[in-house]
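The values are calculated or read from the model by the stated rules, or taken from the named source; none is laboratory data. Computed from a prediction, not measured in an experiment: that's the story for all the values here. Note: ideal-geometry Cβ built from the backbone for every residue, glycine included; neighbour counts use all protein chains shown. Accessible surface areas use protein heavy atoms only, side chains included; no ligands, DNA or RNA. Shrake-Rupley method; radii C 1.70, N 1.55, O 1.52, S 1.80 Å.
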Amino acid sequence: MKVGIFDSGIGGLTLLHQAMILMPQENFLFYADTDHVPYGTKSREQVISYVDDVIQFMISHDCKAVVIACNTATAVAAELMRERYTFLPIIGIEPAVKPAVEESAGKRVMVVATPLTVHEKKLKKLVERVDDAHLVDLVELPRLVEFAECGEFVSDQVTRYLQEQFSSYTLEQYGELVLGCTHFNYFKDTFQTLMPPYVHIIDGSLGTVRQLMRVLSSKGLLTLSQTETDQKENNNWETLKNDICVRYYTSGHLITDPLQLKTIQHLHERLELMRKI
Ligand code: DGL
């Protein structure tokens, strides 16, 4: 059986990438709902219906657990899906607001996300719960997902767009930047150049993969490493990538075209670079 991981598009590869590093013994089904990307500018009802279709696909493809590797879909639909599919472990990604507030040492925390995530109750409640000192600012970046889906990660246009979106904020007052959309990880190097050097950039993928491992383990579903050597090499992407079985789908279609698979490989390579920032 496999672990299903999905997003509206290439953002979810961030989480798959991290899962492949920490859980190299698992098989994965990665699903990018490219027919409907972006989710973040759609209505709640539309996103719920897309997520429901993907989860049914995952169930029919023998997934033992599903990770919603999309902050927007988690905010809108995770609770509802858990009520609907009680037999299936469903893990959602959330912006890493709590660790960011804990580490901010009194400096402000900027959370960047899609418009839908920013306006959802789930994120507002999370902020209320952890932000006693009122340090958190929520900033929507509606166009960044489009740039990512076009493969435009580093360009003057991207830099200008982010500069414009940040123009009304005093960036020196921030200590933490939370990437509240999985697509935003592709732009970590540009975020880094725009923010003061002391700003720490954080996202929710590591925490979500750890939660996935805890949930699978508590249900006896975690595939254990074969040997101690597997464990030791766990953190080395280069030694792992060729041995892990992943099937990639776009909106229900298995990707078999070598050129498309090569593109995915390049995205993993970019994510590996971004992971080290
Ligand atoms: N990657 C998704 C997220 O984490 C959203 C992208 C979209 O708007 O489709 O929020």
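With a ≥ b ≥ c taken as the square roots of the eigenvalues of the C-alpha gyration tensor of segment 128-272, please select rounded if a/c is under 1.5 and otherwise prolate if a/b is larger than b/c or oblate if it is not?
Numbers: a/c = 2.13, a/b = 1.40, b/c = 1.53.
Judged from the Cα gyration tensor, segment 128-272 comes out oblate (a/c at least 1.5, b/c at or above a/b).
Could you please report the charge total around Gly9, scoring K, R as +1 and D, E as -1 over all other residues with beta-carbon less than 15 angstrom from its beta-carbon?
Value of the local net charge: -3.
Mind telling me which of Ser43, Ser168, Ser217 comes out most flexible in a GNM of the chain, alpha-carbon contacts under 10 Å?
So, out of Ser43, Ser168, Ser217, the one fluctuating most is Ser168.
Taking the solvent-accessible surface of protein heavy atoms with a 1.4 Å probe, what is the per residue accessible area of the chain in Å²?
46
Determine the share of segment 27-151's accessible area contributed by carbon and sulfur atoms, expressed in whole percent, with a 1.4 angstrom probe.
Numbers: 2610 of 5320 Å².
Answer for segment 27-151: carbon and sulfur cover 49 percent of the accessible area.
Can you give me the distance in nm between label points at Gln25 and His134, each placed 7 Å from the Cα along the Cα-to-Cβ direction?
About 5.0 nm separates the two model spin labels.
Just reorder Tyr174, Tyr198 by solvent-accessible area, largest first, 1.4 Å probe, all chains present.
Ranking Tyr174, Tyr198 by accessible area, largest first, yields Tyr198, Tyr174.
Using only the Cα atoms of segment 1-100, build the gyration tensor, take square roots of its eigenvalues as a ≥ b ≥ c, and label the shape rounded, prolate or oblate: rounded if a/c is under 1.5, else prolate if a/b is larger than b/c, else oblate.
The shape class here is rounded.
What is the sum of charges around Val215, taking Lys and Arg as +1, Asp and Glu as -1, for the other residues whose C-beta is under 14 Å from the C-beta of Val215? Show your work: numbers first, answer last.
Working: positive: Lys64, Arg82, Arg210, Arg214, Lys219; negative: Glu26.
Residues close to Val215 contribute a combined charge of +4.
Please identify every one of the GluC sites (Glu not before Pro) in segment 156-194 that sits in a loop by DSSP and has no more than 13 other beta carbons within 10 Å of its own beta carbon.
none
Please determine, in degrees from 0 to 90 and to the nearest 10, the orientation of helix 44-60 with respect to the longest principal axis defined by the Cα atoms of the chain, where the helix direction is its Cα long axis.
Taking the Cα atoms of the chain, the angle to 44-60 is about 30 degrees.
Divide by every residue of the chain the summed helix terms, -39500 (n - 2.57) for each DSSP H run of at least 4, and state the resulting mean residue ellipticity at 222 nm, rounded to the nearest 500 deg cm²/dmol.
It comes out at -13500 deg cm²/dmol, rounded to the nearest 500.
Modelled label-to-label distance, Glu103 and Phe87, 7 Å Cα→beta-carbon offset: nm?
4.0
Between beta-carbons, use under 12 Å as the cut-off and find the net charge around Asp131, counting Lys and Arg +1, Asp and Glu -1.
Local charge sum for Asp131: 0.
When a/c reaches 1.5 or more, the comparison of a/b and b/c decides; with that in mind, is the chain rounded, prolate or oblate per its Cα gyration tensor?
Values: a/c = 1.43, a/b = 1.36, b/c = 1.05.
Since a/c stays below 1.5, the shape of the chain is classed as rounded.
Which whole-Hz couplings ³J(HN,Hα) result when phi for each residue of segment 264-272 is put into the Karplus expression 6.51 cos²θ - 1.76 cosθ + 1.60, θ = phi - 60°, listed in order with x for Gly and Pro?
Using θ = phi - 60°, the values come out as 5, 4, 5, 5, 4, 5, 5, 5, 5 Hz.
Sequence-distant or interchain residues sharing an amide H contact under 5 Å with Arg143, placed H: which?
For Arg143, no residues qualify.
Where q = 0.17, 0.20 Å⁻¹, what log10 of I(q)/I(0) comes from the Debye formula for segment 42-153, counting one point per Cα?
-0.91, -1.10
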